[in-house]
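The values are calculated or read from the model by the stated rules, or taken from the named source; none is laboratory data. If you're wondering where the values come from, they're calculated on a predicted model, not measured in any experiment. Please note: Cβ atoms are built from the backbone with ideal geometry, for glycine as well, and neighbour counts cover all protein chains shown. Side chains included, ligands, DNA and RNA excluded: accessible areas come from the protein's heavy atoms. Shrake-Rupley method; radii C 1.70, N 1.55, O 1.52, S 1.80 Å.
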Amino acid sequence: MMNLKIKKKYIYTIVSTLIFKMILEYGYFTFVNPLYAYSGFTLDISQIKIVESYLLVIIITSCLSKLDDSDKPSKVVIYLLFVNLYLPISSLYWLQNNSREYFFIITFSFLFLYLILDRVKQIKTYTLSEGKNIGFLFLITITVIVYGFLIMTGGLQRLNLNLLEVYNTRKGYADSSNVLIGYLLPWQAHVVNLTFLIYGLIKKNKLITLLVILLQVFLFSMTNFKSFLFAPLVVLGLYLIFKKGFKNSILLLMTSALSTLLTIMILLYKTTEGIVVLSIFLRRLFFVPANLHYTYFNFFEGMEKYKLSHSILTFIYDNPYNMGPVDLVARDVFGLEGFSPNVGIFGDAYLNFGLMGIIIFVVLLGSILVLFDSVAMKSPLILSMTIIIIPSMSLVNSGMFTSLATHGILFAIFVTWLSSTLLHRNEKVVGK
């Protein structure tokens, strides 16, 4: 009976994923292409690639859905990459008649990631004997540094909660920032505050929960990065999933919720003709990152690759273009300066080492996720997922090493290890 239920859940997940994919493609047909073809969202349908696209999505989904039955927090990273990047890439594959070899190697990389997470054993890690006290002290110290720096550099004079007037506040923050705070700020908003938030929720401490939410809003008001407001909502949604007992149906819930939300937005667009909300959600969130991956592939195909000469291997290789890849693409593809068409993990891998680079980066990412699962073994699943979920979203729009360092994936792993003593693995999200 149990096997039958598990098989049904897998089928439901596949069906839900295909429905979401079809809604994405309907939105591209009726909204993105008609309104934004001038910016590269073209239409060149390949019928054979429709079949290939759907068959490969079914294969990948059938594998990834099995991860839902595991207690490995890294699965949420793979799900985010799959839903936010792979599915739109699979759609543009046939909608724009894009490269078969590029799409196939990205597909293979997801299968490889699945095998790494499913088959590679976790490694033994050690915790600090005074880990709880050290963990709290470390997180509180960073908090004091970040908020203290922002206040001392004019944060109180920049306070703004109007989402339509964020650029002046961002400029004020950028003018007063430095390299250290450039790292610490996203770590604070996406890791430290969210760790305290989920701690308060699990412990049912309303004071801690409310205080962290207020601190997050305060942080946003001094910097005006919208992701700072979005991050707590993701955590609260994840907490509700666990609270309702659906921790082993995350991929199914993600695709179902996104299908519902996207359908509502398309209907609102049809009735009101307002394009802003649907443009941000459908075009910007899903199709811009996917389209940029193909843009980078088409541009760097046949060209000399960077080999990380603009990054961590600058001491080994000479930069063949004397500028970073983002600036190069902005200039030569879009004809713009001061524009940042950042590309995610697969495009970043390709521009550095070609198709083989995608495999290399995936092996590295898989190894890092195995390490993450290993340090998270002693902490509640909801805690470790909360710590990693927002930093890992950067892999959709940013390069591998930028995501690991600047956006805080490695920092999230360290905090997971440090905070594993704050809560035990068997700590209940819902009390009896």
- Using a Förster distance of 41 Å, how high is the FRET efficiency between TYR12 and THR127, based on the Cβ-Cβ distance and rounded to 0.05? 0.60
- Note on the structure: The lysines whose Cα lies under 21 Å from the Cα of LYS124, excluding any fewer than 8 residues away in the same chain, are LYS72, LYS75, LYS132, LYS378
- Ignoring any ligand, DNA or RNA, what whole percent of the accessible area of region 224-354 comes from carbon and sulfur when the probe is 1.4 angstrom? 61 percent
- Relative contact order in percent for region 146-219 (Cα pairs under 8 Å, 6+ apart) equals 26 percent
- Query: How many angstrom lie between the C-alpha centres of region 368-427 and region 338-363?
  - Reply: 22 Å
- Which one is right for this structure if percent of Cα pairs over 30 Å apart is calculated from it: (i) 56; (ii) 50; (iii) 45? (iii)
- Message: Whole-Hz ³J(HN,Hα) for each residue in region 20-26, computed from phi via Karplus 6.51 cos²θ - 1.76 cosθ + 1.60 with θ = phi - 60°, x for glycine and proline: what do you get?
- Response: 4, 4, 5, 5, 4, 5, 4
- Query: What is the Cα convex hull volume of region 198-243 when expressed per residue in Å³?
  - Reply: 52 Å³
- Item | Alpha-carbon centroid distance for the pair region 185-222 / region 48-107, whole angstrom | 33 Å
- Message: Could you work out the relative contact order of the chain? I mean the mean sequence separation of Cα pairs under 8 Å and 6+ apart, divided by the number of residues, in percent.
- Response: 25 percent
- Hey, what do the phi angles of region 135-148 turn into as Karplus ³J(HN,Hα) couplings, whole Hz, using 6.51/-1.76/1.60 and θ = phi - 60°, x for Gly and Pro? x, 4, 4, 4, 5, 5, 4, 4, 4, 4, 4, 5, 5, x
- MRE, 222 nm, helices only [DSSP H, n ≥ 4, -39500 (n - 2.57), over the chain, to nearest 500]: -21000 deg cm²/dmol
- May I ask you to derive the relative contact order of region 250-352, considering only C-alpha pairs under 8 Å and at least 6 residues apart, and to give it as an integer percent? 26 percent
- Packing-wise, with mean Cβ within 10 Å as the measure, how do 140-149, 253-262 rank, highest first? 253-262, 140-149
- Note on the structure: Checking rank on 216-224, 346-354, 54-62, 264-272, with mean other Cβ inside 10 Å and highest first, the result is 346-354, 216-224, 54-62, 264-272
- Message: Using a probe radius of 1.4 Å on heavy atoms only, what accessible surface per residue do you get for the chain? Whole Å² is fine.
- Response: 45 Å²
- What ranking, highest mean first, results for peptides 23-30, 188-195, 376-383 when packing means the other Cβ atoms within 10 Å averaged over each residue? 188-195, 376-383, 23-30
- Step through the residues of region 198-208 one at a time and calculate ³J(HN,Hα) from phi using the Karplus curve (6.51 cos²θ - 1.76 cosθ + 1.60, θ = phi - 60°), rounding each to whole Hz and writing x for Gly and Pro. 5, 4, x, 5, 5, 7, 6, 9, 5, 5, 5
- When the accessible area of region 1-123 is split by element with a 1.4 Å probe, what percent falls to carbon and sulfur? 67 percent
